[in-house]
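Contents: one structure, followed by commentary.
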Amino acid sequence: MHRSLFRVPFRLFADSFYRLKVPKKGEKNVTHQRIQYIETNSKAYGRVRYESKPITYNLQVEIVNALRLGKRDEAVNLLWKLSSGSDSLRDDDFIYILEYCAKAPDPVFVLETWSLMKEKEIGMKKKCHLFVIQALAKGNHLDVALNLLEFLGEQNHMKPDLHMYNVFLNACVQMQGDVHVAQLVVRCLKLMEDRLMGKSPVTYVALLKLAEDLSAVHSIWKEFTKYYSPSISCLRHFISSFTRFGDLASACRALQHMVALVLQGDHLSMTSAEAKYRSSRLNIPIPVNHDFDINKREKHASCVHASHTHGAKTTAGEDDIQSIELYMSSREKYMLNGINCLPQIYSCSPLFAVPNQGDGSGSLSSENDAVSFLKRIFETGPVQNVLRWSFNDILHACGQSANYELADHLFQQMQKLGVEPSCFTYDRYIKVVVMWKGVADGMEVLKAMKKKNLKPFGKTLANLSIGCSKILKLDLAEALLDQIVEAQYLLYPCRAFLGACDDMDKPERAICVLAKMKKMKVKFDMDIYELLYSLFVTVNAPYEKGDLLSRNEATERLKAIETDMVENGFQHSPRSIQNLLKSLGAEGMTTELRYYLDYAGDLFGGRKPYRREVMCNIAIHSLVDAKENDKAIHIFRQMISNGLQPDAATYTIMVDCCSNIRCYKSACAIVSLMIRDGFFPGTSTYTTLIKILLASQDFDEALRLLNQLRVEGNQPDVLLFNTFLREAYIKGRIDLLEYIVERMHQENIQPDPTTCSYVFSAYMDCNFISTAIEALQVLSMRMISEDENVLEEKRKDLEEDFILAENSEAEFRIIKLFKFQENLAAALLNLRWIEVCGFSISWQHNESAWAKRLSSAYGSGVLRPSPSEDTEV
């Protein structure tokens, strides 16, 4: 009997032992009374006295082992052997079987055991009923479990306790989302209310997990704080629920209150047994002594909060959880805010006391003392974990709501409080940083994480790889992909990488990633197959025209992709057909293109996501590029006859088709249809019409269309002017060429390398060598900038680094610029070549004799006769 004393914590023993009054004369044995009192309390603390095992224990173990091995027939036979072994069976003879069925869970076997016990008229205590309910609820037999709860409540000798209802509600959490489960939860809560069961913190936690909207969470909080003071663990669940529904304000206030509770230090001296006992005392539906009612707290802290409110109104959510400033002492505020002095406005008596530090007066001499004090408090492992989990939840919600500043502030605050970030914390923070600041800052955070010997998760590397793919940094994206070893995190970054390869037209870079996916057995989704049709069905395009060999190779690749797609249970989507049509058109495979266009019509029919007009546009555009004008016209006529409405892109492509056959009359008819359907011709349409006129040497009509373009409010582009320059160069029309160059200058249209090529070649063909060099120099300057002040600002850097640089690395630096600034790189190469040829460079391009002559000759907008060789400067 006395050995049970050693199972009780010494602090509890002393507290329980000396709370007993000294017995008066004639009372019973004092020692026996004390021991009985302590043993009763030890049960409440989870200390149950040793009980002898039942005789049938070995047979129960055999049944459990058979169930674990999947030998159900053998377990049933053993169960019948157990039931027929004796007529004086008790519930203890089945307790281990019921306990296993509850943990497994095994609802079928627990029902068989339960029915056998009822048949044998074996009485069951609450623990057995609890195991039965747990097995049924966790085994998705919620209706049966709830019916059992209702049945037990009607029995006088056996009433279900709150723990049974909590088991049922927690099982409903695992199946939430179903309408029937929601109805069962309502029935259970109604049953608890009718039987005056009340609610424990465990009940409220389960209700939080079952909440379907933010208002329900606030209602639970309001009811919970009427009966309980929130503990650290409860606040952790509330924070998780607030962040689940995006209420960052309430989540942050709850987190502040959690920190304030930690600062009290009660958690440091409380054992697990005491904590369990204290929580069990609160399982009553009446307010506790230290009421956490919001209105009372507001009255208590009115003197504190008066200088902050300024008549501001709060929302319903803010009313539910007030700011932690109402609950914190002045020293706590000093430590959390990192200020250098204690504000006088916090003059009310503190609700939470902080242990005295420093000089013994309770004040903290400096910010460093405050930080070190906080770190000593947060060194406790369980407290660290709970705080870290709560910070992680809010960081995750910050990423979902794009609240980047709050995420950064929280991450910095964690470290100030001494809460070490975990891999989960870095995962959420890196995701926010990549979305907010970019991949470069995310990589810096990753380096800091590795310095702390923390291994990044696969999803952390996946987020960084996706960010690198979005900005087309293929090398870094591929390096991050190589570090991912979990197959479940490979799909999305690989898809982003393939998309970047498609954008940069680098299918060769995608081969290694596809090989890694095959090696890791990552199943392709439809998005991957859609990218494969765009990446690998083209062979020679866009650098060369397709030939017989390239088309045969493209056909083999197409068959391989389609075979793999069908084997994985996918069929073509509208996007895959679109990508396939583009690839076939680029390769010049017009027969296959027509086949898949008809196949798409049969496959998708009238499906909403499918737009046949888009696919017809792709097919017509590919046929026009391949000079298959008759087939393009045939598809256009089919569109009209089938009732499909052409759009502006369709009409523009058909005008381009008329340009191929050089039929201006047909082009005007297409434009007439275009205007009739409500589409007005844009710059690209005018460019095509002018191209037809210039091919017919109708320069006057082409210039008239150029003026009409401006009248109708369209903005000409460099492609339109280059169309004029090309024909002027071919026909030797120097006057038209110079007029167009001056017109571009007046319209502030910057030239491009094609412009320089036509102008320079036209002058060189006429042996105007000096004029060609001067024109190339002026146009190159205008490619950099039309503003002479900007040119003067950039002059020194451009001359030293590129144009006048004497080292051999200058050309390599210019070539690197082609990836990002093609026009600038071409202009620098032109100017460097001019300098190498021995010509001087003037940065005042408008002061050039050639530019002045063009301005005086064509500044009025009138086309003058072409110059002769005598006019060369």
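The values are calculated or read from the model by the stated rules, or taken from the named source; none is laboratory data. Just so you know, these numbers come straight off a predicted model, no measurement behind them. No Cβ is skipped: glycine too gets one built from the backbone with ideal geometry, and neighbour counts run over all protein chains shown. Please note that ligands, DNA and RNA were not included when accessible areas were found on the heavy atoms of the full protein model with its side chains. Shrake-Rupley method; radii C 1.70, N 1.55, O 1.52, S 1.80 Å.
Data for the structure
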quantity	calculated
Sole residue being free of Cβ contacts under 8 Å to residues at least 40 places away in the same chain, closer than 23 Å to HIS572 by Cα and surrounded by fewer than 17 Cβ atoms within 10 Å (Cβ to Cβ), chosen from LYS506, LYS452, LYS521	LYS521
Looking only at region 619-635, and only at residues there that are open to solvent by less than 20 Å² (accessible area, probe 1.4 Å) and of a type in the set (A, V, I, L, M, F, W, C), the one that is farthest from TYR595 (Cα to Cα)	VAL624
From PHE679, PHE604, residue being open to solvent by less than 20 Å² (accessible area, probe 1.4 Å) and at pLDDT below 95	PHE604
Restricting region 390-444 to residues that are of a type in the set (Phe, Trp, Tyr) and modelled with pLDDT of 90 or more, the residue that is surrounded by the fewest Cβ atoms within 10 Å (Cβ to Cβ)	PHE424
Among (1) at pLDDT below 50; (2) out of contact with any Asp or Glu (no Cβ under 9 Å at 6 or more places or on another chain); (3) among the polar types (S, T, N, Q) - the single one SER88 does not satisfy	(1)
Filter pass, LEU82 being within 25 Å of LEU146 (Cα to Cα), open to solvent by less than 30 Å² (accessible area, probe 1.4 Å), assigned to a helix (DSSP H, G or I) and at pLDDT below 90	no
Meets criteria (hydroxyl-bearing (Ser, Thr, Tyr) and part of a helix (DSSP H, G or I)) for THR555	yes
Scope region 434-456; condition under 19 Å from GLU478 (Cβ atoms) and within 20 Å of the chain's Cα centre (by Cα); matching residues	VAL434, GLY438, VAL439, ALA440, GLY442, MET443, LEU446, PRO456
Verdict on MET124 being more than 18 Å from THR56 (Cα to Cα) and open to solvent by less than 50 Å² (accessible area, probe 1.4 Å)	no
Test: residue in region 625-638 that is closer than 21 Å to THR688 by Cβ, modelled with pLDDT of 90 or more and within 38 Å of the chain's Cα centre (by Cα)	no
Tally of residues being surrounded by 15 or more Cβ atoms within 10 Å (Cβ to Cβ) and not in a helix (DSSP H, G or I) across region 843-852	2
Of the criteria (1) buried (at least 21 other Cβ atoms within 10 Å of the Cβ); (2) outside any helix (DSSP H, G or I), which one LEU644 fails	(1)
SER279 being modelled with pLDDT of 90 or more, part of a helix (DSSP H, G or I) and among the hydroxyl-bearing types (Ser, Thr, Tyr)	no
Check on ALA479, part of a helix (DSSP H, G or I), surrounded by fewer than 22 Cβ atoms within 10 Å (Cβ to Cβ) and not charged (D, E, K, R)	yes
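Table: residues versus (1) touching a Lys or Arg at 6+ places or on another chain (Cβ under 8 Å); (2) farther than 21 Å from ASP393 by Cα.
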{"position": "VAL432", "(1), (2)": "no, no"}
{"position": "VAL439", "(1), (2)": "yes, yes"}
{"position": "ASP475", "(1), (2)": "no, yes"}
{"position": "TYR489", "(1), (2)": "yes, no"}
